[in-house]
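**Student:** Shown below is the structure under consideration.
The values are calculated or read from the model by the stated rules, or taken from the named source; none is laboratory data. It should be emphasised that the depicted structure is a prediction, and the values quoted were computed from it without experimental measurement. Here the Cβ positions follow ideal geometry from the backbone for every residue, glycine too, while neighbour counts run over all protein chains shown. All accessible areas refer to the heavy atoms of the entire protein, side chains included, with ligands and DNA or RNA removed. Shrake-Rupley method; radii C 1.70, N 1.55, O 1.52, S 1.80 Å.
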Amino acid sequence: MIGRGAIALVAALLGAQGLAAQADSGSGGGGGGASRTTLLVRAGRLLAVRTGAMLTNQAILIDGDRIKEVGPADAVAGHAPKDARVIDLRSATVLPGLIDCHTHITSDPGDYYKQLFRMSPIDEAVRAHIYAKRTLDAGFTTVRNVGAGEFIDVALRNAINEGAVPGPRMLVSTMPLSATGGHGDVNGMSPYLRFDGFTGIANGVDQLRAKIRFEVKYGADLIKVLASAGVLSEEESVGAPQYSQEELNAIVEEAAMWGRKVAAHAHGAEAIKRAVKAGVASIEHGSLIDDEGIRLMKERGTYLVADIYNDDYIVAEYTRLGFPQKIIDKERLVGRQQRENFKRAVQAGVKIAYGTDAGVYPHGWNAKQFAHMVRWGTTPLQAIQAATVNAADLLGWADRVGALEPGKFADVIAVTGDPLQDVTLLEHVGFVMKGGQVVKDSLTGGAKAAR
Ligand code: ARG
């Protein structure tokens, strides 16, 4: 009887939702053609991220949330309707919104003991929207979030998509798959201490397949697997593999069946190679990669997403935050090597996508990694491409983000000065638009009604 009652209730709710949806589409609001705003963004300089050409005196015509046309200012302005609002960025450099492919947007660095024992996932959920806003304000209009507890990432993504809270477009992985005792487990505690809640812990092919189905069912856009040990966890060695080749193969196959890509956290050389052979889309961290790993990644077209900024922050702050010495020692072991190996991978021509592990350091600082990438082997343009076209390709969103091109979302940022000369200018993004909506503007003094 209870079951039937519940079904009736669900049916009633669905019915009500159906009516609401009809009312929405009938009102002509939001998606309706007539009420859509047209914007003309005038750009003193515009970086064509594919070619690296710094074009002058350009304009972007925006219809609703999409880019309609990009080109020389006069030509594009000639195609704009008379009532188009003009955004004057003639004294700035305009770029596509940036993409961070490795964030943990639901958590911020904090006291080790407090975060582990005094805070719950509810605390995390309550605060996550603040970090989303900081990320967006920093010019990162899209992120791939690769690990959060309790489906908080799914809830945040949905709230942002519905316009309930401001934040970047998000692809989310939910809980990273982890071996028992692995990087995603809570290690070093008494066996009598338990942390309740959903986890990504799964061992063996059958459990892994079931876990992937569960995560996809409740909203995962991609699958994150912890293929090796980690730094900010209490297991002993940082590079040790934590899944077998057979397990990794099954993960990639199962994820693909559900149309999902796999991102593999892997610091150690062996884990990197196993994950690449299994066919993951990206290696996260990649700290101890060897020549064979580099060769395999090139051969397979696997992206390297190396978080080479955050060592600065961990070394400077994590002792004060009460992290165990074991963890600090692991960071000191991999930090420098990761940067040197990143440089080798860049020089070998491995595909690079921008990912910072934001959450390990404060959200909104996402752009600090650009300067490190340039110091460790990329050109400024390559670093920007990593955070735009390459990132979009890795996400499977090349059709919608990562470049200022007709048909793509109007995700537009601007800085003063030339980021190809000084990439640190991207740490001070003065103008941010997401989907045709201005979310931050300290550059123009506001949109003008007429031209
Ligand atoms: N989440 C990563 C881990 O715990 C952070 C690694 C940070 N260190 C670094 N050198 N990238 O393994």
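**Student:** Set the bar at 31 Å for Cα to Cα. Now go through 261/326; 133/261; 273/408; 273/326; 114/277 and name every pair that lies beyond it.
**Tutor:** 261/326; 273/408; 114/277
**Student:** Kindly identify the stretch 329-389 as rounded, prolate or oblate by the Cα gyration tensor criterion: order the square roots of the eigenvalues as a ≥ b ≥ c, call it rounded if a/c is under 1.5, otherwise compare a/b with b/c, prolate if a/b is larger, else oblate.
**Tutor:** Oblate shape, in that a/c is at least 1.5 and b/c is the bigger or equal ratio.
**Student:** Something else: Over the chain, give the accessible area per residue in Å² for a 1.4 Å probe, as an integer.
**Tutor:** About 43 Å² of surface per residue is accessible.
**Student:** A further question on this structure: Peptides 157-167, 75-85: what's the order by average Cβ count within 10 Å, highest mean first? Walk me through the intermediate numbers first.
**Tutor:** Details: 157-167: 15.8, 75-85: 14.0.
Top to bottom by mean Cβ count within 10 Å: 157-167, 75-85.
**Student:** Something else now. Let a ≥ b ≥ c be the square roots of the eigenvalues of the Cα gyration tensor of the stretch 204-354; is it rounded (a/c under 1.5), or, if not, prolate (a/b larger than b/c) or oblate?
**Tutor:** It comes out oblate by the Cα gyration axes.
**Student:** Okay, next question. Given the DSSP H assignment, sum -39500 (n - 2.57) over each helix run of at least 4 residues in the chain and divide by its residue total; what's the result at 222 nm in deg cm²/dmol, nearest 500?
**Tutor:** -11000 deg cm²/dmol
**Student:** Determine how large the accessible area of residue 253 is when every protein chain is in place; take a 1.4 Å probe and give Å² rounded to the nearest 10.
**Tutor:** Answer for residue 253: close to 110 Å² accessible.
**Student:** With charges set only on the Cβ (+1 for Lys and Arg, -1 for Asp and Glu), what does the dipole of the chain come to about its Cα centre, in debye to the nearest 20?
**Tutor:** Once rounded to the nearest 20, the dipole reads 920 debye.
**Student:** In addition: Looking only at the stretch 58-79, which residues have a backbone nitrogen under 19 Å from a spot 7 Å from the Cα of residue 441 in the C-beta direction?
**Tutor:** 58-69, 77
**Student:** What Kirkwood hydrodynamic radius do you get for the stretch 297-451 when you take the inverse of the mean 1/r over all pairs of distinct Cα atoms, in Å?
**Tutor:** 17.3 Å
**Student:** Are there any chymotrypsin sites (Phe, Trp or Tyr not before Pro) in the stretch 148-250 that are in a DSSP loop and have at most 13 other Cβ atoms within 10 Å? List them by number.
**Tutor:** Those satisfying the criteria are 192, 195, 218.
**Student:** Once you wrap a convex hull around the alpha carbon atoms of the chain, what is its projected area averaged over all directions, in nm²?
**Tutor:** 23.5 nm²
**Student:** Let me ask you something else. Post the alpha-carbon centroid distance, the stretch 265-285 to the stretch 102-160, in whole angstrom.
**Tutor:** 25 Å
**Student:** Would you mind computing, in nm to one decimal, how far apart the modelled labels at residue 291 and residue 115 are, each placed 7 Å from Cα along Cα→Cβ?
**Tutor:** Simple spin-label model gives 3.8 nm for this pair.
**Student:** Can you tell me the 0 to 90 degree angle between the C-alpha axis of helix 325-348 and the longest principal axis of the chain, rounded to 10?
**Tutor:** 50 degrees
**Student:** Tell me the net charge near residue 140. Cut-off is 13 Å between Cβ atoms, residue 140 excluded, with +1 for each Lys or Arg and -1 for each Asp or Glu.
**Tutor:** Net local charge, residue 140 excluded: +3.
**Student:** Under a Cβ-Cβ cut-off of 10 Å, what is the net charge of the residues other than residue 92 that fall near it, where Lys and Arg count +1 and Asp and Glu count -1?
**Tutor:** +2
**Student:** State the percentage of accessible surface on the chain attributable to carbon and sulfur atoms; use a 1.4 Å probe and exclude ligands, DNA and RNA. Write out the running numbers ahead of the final one.
**Tutor:** Working: 10170 of 19190 Å².
Within the chain, the accessible surface is 53 percent carbon and sulfur.
**Student:** Oh, and also: Please arrange 433, 257 by accessible surface area, largest first, computed with a 1.4 Å probe and ligands excluded. Mind dumping the intermediate values first?
**Tutor:** On the way: 433 0, 257 125 Å².
Descending order: 257, 433.
**Student:** Net charge near residue 108: determine it from the other residues with C-beta under 13 Å of the C-beta of residue 108, scoring Lys and Arg +1 and Asp and Glu -1.
**Tutor:** After counting each charged neighbour, the total is -1.
**Student:** Could you state the angle between the C-alpha long axis of helix 152-161 and the longest principal axis of the C-alpha atoms of the chain, as a value from 0 to 90 degrees rounded to the nearest 10?
**Tutor:** Between the helix axis and the principal axis of the chain, the angle is about 10 degrees.
**Student:** Follow-up question, since we're still on this one. Roughly how many debye, to the nearest 20, is the charge dipole of the stretch 40-100 about its Cα centre, given +1 on each Lys and Arg Cβ, -1 on each Asp and Glu Cβ, and no other charges?
**Tutor:** Roughly 120 debye for the stretch 40-100.
**Student:** Is the shape of the stretch 377-416 best called rounded, prolate or oblate, per the rule: a/c under 1.5 gives rounded, else a/b larger than b/c gives prolate, else oblate, with a ≥ b ≥ c the square roots of the Cα gyration tensor eigenvalues?
**Tutor:** Oblate shape, in that a/c is at least 1.5 and b/c is the bigger or equal ratio.
**Student:** So how tilted is helix 245-257 from the main axis of the chain? Cα-based, degrees 0 to 90, rounded to 10.
**Tutor:** Computed tilt is about 30 degrees.
**Student:** Put a dot 7 Å past each Cα toward the Cβ at residue 74 and residue 48; how far apart are the dots in nm?
**Tutor:** Taking the two extended label points, one gets 1.9 nm.
**Student:** Something else: Stretch residue 317-residue 196 to full length: gain in nm at 0.36 nm per residue minus the Cα-Cα span? Numbers along the way, then the final one.
**Tutor:** On the way: separation 121, 0.36 × 121 = 43.56 nm, distance 2.89 nm.
Gain on stretching residue 317 to residue 196: 40.7 nm.
**Student:** Relative contact order, percent, of the chain when contacts are C-alpha pairs under 8 Å separated by at least 6 residues?
**Tutor:** The normalised contact order for the chain reaches 19 percent.
**Student:** Just name one of 190, 202, 417: the one whose Cα is farthest towards the positive end of the charge dipole of the chain (beta-carbon charges, Lys/Arg +1, Asp/Glu -1).
**Tutor:** Towards the positive end, the residue furthest out is 417.
**Student:** To check you understand DSSP bridge types, tell me what percent of the beta bridges within the chain (both residues inside) are antiparallel, rounded to 5. It would help to have the intermediate numbers written out before the result.
**Tutor:** On the way: 30 of 60 bridges.
Bridges in the chain that DSSP calls antiparallel: roughly 50 percent.
**Student:** Further, regarding this structure: Show the residues, 5+ positions off or on another chain, whose built amide H is closer than 5 Å to the amide H of residue 102.
**Tutor:** It is 144, 356, 357, by chain and number.
**Student:** Moving to a separate point now. Roughly how many nanometres apart are two label points built 7 Å out from the Cα toward the Cβ at residue 187 and residue 405?
**Tutor:** 4.3 nm
**Student:** Could you grab the relative contact order for the stretch 179-338? Cα pairs under 8 Å, six or more apart, rounded to a whole percent.
**Tutor:** Worked out over the stretch 179-338, it gives 19 percent.
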